[in-house]
Every structure is written in structure tokens, then in C-alpha cells.
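To start, the structure under review is shown below, and the notes come after it.
Values in this text are rule-based calculations from the coordinates and carry no lab data. Here the structure is a predicted model, which is why all the values come from computation and not from measurement. Cβ sites come from the backbone with ideal geometry, for glycine too, and all protein chains shown count toward neighbours.
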Amino acid sequence: MKNLSLKLEESIFDETEDILAEINKKRNKYINEAVAFYNKLYKRKLMRNNLAAESAIAYGSSLEVMEEFEALEDDLNFLD
């Protein structure tokens, strides 16, 4: 485990303390779970962004291939 000094806005701290009192959970465990959840959320967001960028690249390549096939088909039809 790593030690961490953390500064929270007072309103966030107060809200967290109220929730902790209700759910009877230690602050450290709660913050660890919250950061783990946030990390998963951002990993998914980054993955979605990377997939969108890669899809855009693949789409461009697919269009080029399709245009080449159409040109080839036109050339073959010309021979008929």
C-alpha cells in the first residue's frame, strides 16, 4: 500500500463522511473503491476513444480498397 496525502473540498469531505456513517465503511476502503471505479470508467473511455480513432482509420482504408475493386471491375467490364 502507498500512503497518500489528499486534499478534498470541504463539501465533498462532508458528503463523504455522511455517506460513510450511513454505510458503516472505513474512509480508506471507500476512497480506494471510488478510485478503482473511476479508473475502470476512464479505462473504458480511453478504450472507446482509441477504438473510434482506429475505426476511422480502418474506414478510410476500406473505402480505398472498395474504390480499387470498383475500378478493377470497371476495367474488367471494359474488356467484355
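Computed values, structure above
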item	result
Residue that is farthest from Leu6 (Cα to Cα) [pool: residues in segment 22-68 that are within 21 Å of the chain's Cα centre (by Cα) and of a type in the set (Asp, Glu)]	Glu54
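Each row is one residue, and each column tells you yes or no for (1) surrounded by 10 or more Cβ atoms within 10 Å (Cβ to Cβ); (2) touching a helix residue (DSSP H, G or I) at 6+ places or on another chain (Cβ under 9 Å).
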site	(1), (2)
Leu6	no, yes
Asp14	yes, no
Ala21	no, no
Asn28	yes, no
Glu33	yes, no
Lys43	yes, no
Leu51	yes, no
Glu54	yes, no
Leu72	yes, no
